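The values are calculated or read from the model by the stated rules, or taken from the named source; none is laboratory data. Keep in mind the model is a prediction, meaning the values are calculated, not measured. Positions of Cβ are backbone-derived with ideal geometry, glycine not excepted, and every protein chain shown enters the neighbour counts.
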Amino acid sequence: MTVENIITEQQASSIAATCGGEDLRECLTCDKCLSTCFLKDAYPNMNPRELPRKIYHGRIQELVDSEFIWACTLCSRCTVDCPKGLQMDLIVRTLRHLAESQGKAPKRLVEGIEKINEVGNSVGIDSQEFVETLEWLGEEAAAEIDYIDEETFSVPIDKNGVEFLYIPNPREYTSMPHMFSVYLKFFSAVKADWTFASDVCDISNWAYFMGDQETCTKLLRNIVDAAGRLGVKTLVSTECGHGFSILRRDAEKMLGQPLGFEVVSVVELAHRYFEEGRLRLKQGHVKERVTYHDPCEVSRKLGVYEPPRELLKFVAQDYIEMSPHGKYGLCCGGGGGVAQNADMGRKRLENAKEKHDQIAQTGAAIVATSCQACLAQLNDIVTFYNMTVNVKSVMELVVESLAD
Ligand code: SF4
Ligand code: SF4
């Protein structure tokens, strides 16, 4: 069977319609997308410029069979200057979903989706296990925090009518438990009226990486229902790029209803409190040089550039920008499900060489970011390239710099 025979004509036209329809034909082959894609050297035979026309001309199976669609981090850098507004992120996710339906998706991502469908999250824990973990981590953290009364403190879970519902990323209570203390310290320091929801242990959405709209919507529905049940005014996302971005940008459209509450990231909330004087920080507390890595989902896709920078510029004595940054910020190479895809092996880090160079050029001792996938990838880059750089989240530096 030739590759063209695998996909039916009907499938091909439906995929073309989802990916841009007639706009695909309008691609100017101007190379603006290609020149900004950090994978251009790693995949000489496949790149973002190839995608629109191949889809338009029905050569979809070639794309589905290409490793490129799994190496792409959905960073959207290639989309910024596309004169035709073609959305590579959408195109790649659509191709991935087709690959999944053909049994060609990476095993680890498929397992994550299976867990979501079985228990509702990619970690595979139930509500009782989540609550027990929160209680245990809460006890440990409270013992370390001098402004928390260990005797009376308990982690807020399922509190009705509070202002904030906080949604964590599982890394906070699995591989990076120190991050749990960071957020707990922050909420306690600003005396926030907040809660976890016992049935929402995971803001991440692997179905989004896979282009699986149905499962992606189901996960969003779970979060939105919990916020409605608890009657909160604001949903606070942890430092998780894609989890935050889907909730803020896509949830209303995907669910077909207004959310009825605001969606902010914990960094935005800290910045808001900082501006109001409710979060008091020691200016210049961090002595080492600090740079900021823009998480693609938070910066380029949502336009949240300044709040993390203003916090960092206040707490750091010496702040330096990477070049380029902001809208043209270079992806860390771990987003879009790439970090979760074990099949990528060393390539995930080899493909991040440009990011390594960019960090090294700043001479910074600390690289801060506000996405836990970026944090994990940056830590891996530091190890892989033997760098002497510390990787911290913006909130870690904020909490380290608390005034009282
Ligand atoms: S930037 Fe847009 S128009 Fe230009 S080659 Fe890429 S997809 Fe086509
Ligand atoms: S989304 Fe990022 S990784 Fe994917 S094709 Fe565009 S620039 Fe390259």
| Every residue from region 38-59 that is surrounded by 15 or more Cβ atoms within 10 Å (Cβ to Cβ) and acidic (D, E) | E50
| task | Identify, from the list V200, V155, V190, V182, the residue that is under 27 Å from E276 (Cα atoms), crowded, with 21+ Cβ neighbours inside 10 Å and β-branched (V, I, T). | result | V182
| message | Residues that are part of a helix (DSSP H, G or I), of a type outside the set (G, A, S) and farther than 30 Å from C19 by Cα: does region 186-206 have at least one? | response | yes
| How many residues does region 48-103 contain that are touching a helix residue (DSSP H, G or I) at 6+ places or on another chain (Cβ under 6 Å) and either among the aromatic types (F, W, Y) or in the same structural domain as G241 (by TED's automatic domain parsing) (or both)? | 1
| message | Take the conditions touching a residue at least 24 places away in the same chain (Cβ under 8 Å) and among the charged types (D, E, K, R) and apply them to E132. Does it pass? | response | no
| query | So which residues in region 1-56 are within 12 Å of ligand 2 (Cβ to nearest atom) and assigned to a helix (DSSP H, G or I)? | reply | K32, C33, L34, S35, T36, E50, L51, P52
| said: Can you confirm whether L74 is within 16 Å of ligand 1 (Cβ to nearest atom), surrounded by 16 or more Cβ atoms within 10 Å (Cβ to Cβ), part of a helix (DSSP H, G or I) and under 26 Å from the mean Cα position of the chain (by Cα)? | reply: no
| said: Restricting to region 1-58, give me the number of residues that are in contact (Cβ under 8 Å) with a residue 60 or more places away in the chain and farther than 24 Å from K327 by Cβ. | reply: 7
| said: Could you check region 92-127 and list, in sequence order, the residues that are among the polar types (S, T, N, Q) and in contact (Cβ under 8 Å) with a residue 40 or more places away in the chain? | reply: T94, Q102, N117, N121, S122, S127
| task | Could you look through region 359-381, keep only residues that are surrounded by fewer than 21 Cβ atoms within 10 Å (Cβ to Cβ) and not aliphatic (A, V, I, L, M), and pick out the one that is farthest from C75 (Cα to Cα)? | result | G363
| Out of E118, E139, sole residue that is surrounded by fewer than 16 Cβ atoms within 10 Å (Cβ to Cβ), over 26 Å from L349 (Cα atoms), more than 16 Å from ligand 2 (Cβ to nearest atom) and in the same structural domain as V236 (by TED's automatic domain parsing) | E139
| task | Using the structure shown, decide if V224 is in contact with a strand residue (DSSP E or B) (Cβ under 9 Å, 6 or more places away or on another chain) and in contact (Cβ under 8 Å) with a residue 12 or more places away in the chain. | result | yes
| Could we say that T94 is assigned to a loop (DSSP other than H, G, I, E, B) and either at pLDDT 95 or above or within 9 Å of ligand 2 (Cβ to nearest atom) (or both) here? | no
| message | It is to be established whether one or more residues within region 147-157 are farther than 25 Å from G241 by Cα, more than 16 Å from ligand 2 (Cβ to nearest atom) and among the hydrophobic types (A, V, I, L, M, F, W, C). | response | yes
| request: Inspect all residues belonging to region 90-102 and state whether any of them is within 16 Å of ligand 1 (Cβ to nearest atom) and surrounded by fewer than 22 Cβ atoms within 10 Å (Cβ to Cβ). | output: yes
| query | Looking at this structure, is A352 within 25 Å of C33 (Cα to Cα), of a type in the set (A, V, I, L, M, F, W, C) and modelled with pLDDT of 95 or more? | reply | yes
